[in-house]
Amino acid sequence: MLKRINVISLFPEMFEAMQSGITGRALRDGLISLEITNPRDFTKDRHKTVDDRPYGGGPGMLMKVEPIKEALFSIKESTKENGTISNEEIDPQKTKVVYLSPQGQPLTQQIVKELSDNEQLILLAGRYEGVDERLIEHYVDYECSIGDYVLSGGELPAMVLIDSLIRLIPGALGHNESAENDSFYSGLLDHPHYTRPETLIFEKGSEVSQCVPEVLLSGNHKKIEQWRLKQSLGRTWQRRPDLLENRQLSEQEQRLLQEFIQEQNGIS
Ligand SMILES: C[S@@+](CC[C@H](N)C(=O)[O-])C[C@H]1O[C@@H](n2cnc3c(N)ncnc32)[C@H](O)[C@@H]1O
C-alpha cells in the first residue's frame, strides 16, 4: 500500500493546493506522507542555477541534471533513515520514480491502481523543455502523461496523479465505497446522481419542471442498484463505447444495456 509520495519540483509552493479537501484530510490524518524536494536546494553555484542550454542549440532550456540527481539521492537517503511519517520502513523494491511527461503513457484509472501498489512514489515534475534523456533512462521507472496537450510544468500533472492515488487509500474518502462507484473503477462511467429537491423548476421561456427518477424514491435497494448499473452501462455505451470494447459484460449487464438502448429508441 502506498505510504509516501515525494515530488521533485522547482515550485514546491504549488503543492499547497493538496492541503484542501480529501487530499488535505488524508495528509493530516497521516494516511500518507507527501514531501516536496526542490532541486534548487541542491545547486552549488551562487545563482542557484537550475537550467542549462540544450546540446545542438535551439530554443528553450533544460533542467540541469546534477540538482535533480542530488534531490533524488537525498530522498532515497532520507527514506532509508526515516521511512514514513509513522516511521514504517519502505520496501525499496516497492519504490518507483515517475516522470510526468506529455510523452508518457496516458494516465488511466487502471494505471493509478497499479501505481498505488507501490509503497513509495517519487514524482519528477519537469520544467522548461524537460530533462536530459540520460536521466530518464537511468533513474525513471515510468513516464506518465495526463493528456495529449503540453503544460508549462509537471506540477499540475503530479497533483492530478497524487489526488487520484489518495482517493484509493482506504479511509481517505468519507464512504469507503465511493471510489469503487466512481467512473472507470469498474471499467464503466458512473451513473447520474440526484439530490434534493425532488422537483426542480427551470425557467426557460415557459416553465419546465424536472423530477428525480421515481425508482430512486422507491426505497427498493435492489431496484435502485439495477437502475444505477443500467444507467452506468448506458452512459458508457453513449459516451465512451471504447470502454465497453475492453470489458466482458455479464448476462445481466447485457440485458440491462439492451433495455437501456430500447428505452432510448422509444421501445419498451
Ligand atoms: C513545456 S513541457 C516540455 C515539453 C517537451 N518539450 C515535449 O514536448 O515533450 C515542461 C514539463 O511539463 C510537464 N508536462 C507538460 N505537459 C504534460 C502532460 N500532458 N503530462 C504530463 N506532464 C506534462 C513535463 O514534466 C515536462 O517536462
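Overview of values
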{"read-out": "Euclidean distance between Cα centres, the stretch 192-243 to the stretch 1-51, Å", "value": "40"}
{"read-out": "Debye intensity ratio I(q)/I(0), log10, the stretch 37-121, q values 0.14, 0.19, 0.21 Å⁻¹ (C-alpha model)", "value": "-0.70, -1.02, -1.09"}
{"read-out": "The chain: most fluctuating residue of 161, 188, 257 per GNM, C-alpha cutoff 10 Å", "value": "257"}
{"read-out": "Long-range amide H partners of residue 104 with built H, under 5 Å", "value": "144, 145"}
{"read-out": "Tail weight of P(r) past 17 Å, computed on alpha-carbon pairs of the stretch 166-238, percent", "value": "59"}
{"read-out": "Between helix 65-82 and the chain: long-axis angle, C-alpha atoms, 0 to 90°, nearest 10", "value": "70"}
{"read-out": "Most fluctuating residue given options 101, 206, 183, as computed from a GNM of the chain linking Cα atoms under 10 Å", "value": "206"}
{"read-out": "GNM result for the chain, Cα springs below 10 Å: residue of 142, 194, 185 fluctuating most strongly", "value": "194"}
{"read-out": "Nearest 10 degrees, 0 to 90: helix 221-239 Cα axis against the chain principal axis", "value": "60"}
{"read-out": "Shape box of the chain [Cα atoms, principal axes, largest first, Å]", "value": "73, 46, 41"}
{"read-out": "Principal-axis tilt of helix 251-264 within the chain, Cα atoms, nearest 10 degrees", "value": "70"}
{"read-out": "Table column - 3J(HN,Hα) (Hz), the stretch 104-114, Karplus curve with 6.51, -1.76, 1.60, x for Gly and Pro", "value": "x, 5, x, 6, 10, 4, 4, 5, 4, 4, 5"}
{"read-out": "DSSP beta bridge pairing in the stretch 103-228, given as percent antiparallel to the nearest 5", "value": "75"}
{"read-out": "Set of lysines with alpha-carbon distance to residue 69 below 22 Å, sequence-local pairs under 8 removed", "value": "44, 48, 80, 94, 96"}
{"read-out": "Equivalent ellipsoid dimensions for the stretch 20-173 as semi-axes, Å, which come from the Cα gyration tensor, largest first", "value": "27, 19, 14"}
{"read-out": "Volume per residue that the Cα convex hull of the stretch 118-264 spans, once the total is divided by residue count, Å³", "value": "205"}
{"read-out": "Antiparallel content of DSSP bridges confined to the chain, in %, to 5", "value": "25"}
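Coordinate-derived values only; no laboratory data. Predicted model, so just to flag it, every value in this text is computed and none were measured.
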